[in-house]
Amino acid sequence: MQRQDVKYSISQKKLFLLLFCVAIAAIHIVRLFGIGTTNTTSERIPERSSITTPNTIVIPDSLDITLIRQYQQMKKRQDSLMRKEKP
């Protein structure tokens, strides 16, 4: 790449950079206007009868204290087992 770079003058390098930037800008402008004018949502989302909405999940108003205590006891047991394993 460096050998090819030596062949071009600074003005030619600037011209290549300018052409590259104009080409990239043109591509982005075309894509932006293309997205705004066409309706592609119907092409992207297939309509299938197997897709259903999920049922509503009932969340309790308060926490179950017995489950919290069971979890705490379980964690204590795991911690005590981990301490016994370490030398």
- Task: Would you mind stating whether Ser42 is open to solvent by less than 90 Å² (accessible area, probe 1.4 Å), polar (S, T, N, Q) and at pLDDT below 85?
- Result: yes
- Of all the residues that make up region 1-32, how many are aromatic (Phe, Trp, Tyr) and in a loop (DSSP other than H, G, I, E, B)? 1
- May I ask you to verify whether Ser49 is open to solvent by less than 100 Å² (accessible area, probe 1.4 Å) and either hydroxyl-bearing (Ser, Thr, Tyr) or modelled with pLDDT of 85 or more (or both)? no
- Message: For the structure I just gave you, tell me whether Leu15 is open to solvent by 100 Å² or more (accessible area, probe 1.4 Å) and at pLDDT 75 or above.
- Response: no
- Message: If Asn55 meets every condition in (1) modelled with pLDDT under 70; (2) part of a loop (DSSP other than H, G, I, E, B) apart from one, which number is that one?
- Response: (1)
- Message: Exactly one of these conditions fails for Pro87: (1) more than 37 Å from the chain's Cα centre (by Cα); (2) in a helix (DSSP H, G or I); (3) modelled with pLDDT under 90; (4) not β-branched (Val, Ile, Thr). Give me its number.
- Response: (2)
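The values are calculated or read from the model by the stated rules, or taken from the named source; none is laboratory data. These numbers were taken from a predicted model, which means no experiment stands behind them. Only protein heavy atoms, including side chains, enter the accessible area calculation; ligands, DNA and RNA are left aside. Shrake-Rupley method; radii C 1.70, N 1.55, O 1.52, S 1.80 Å.
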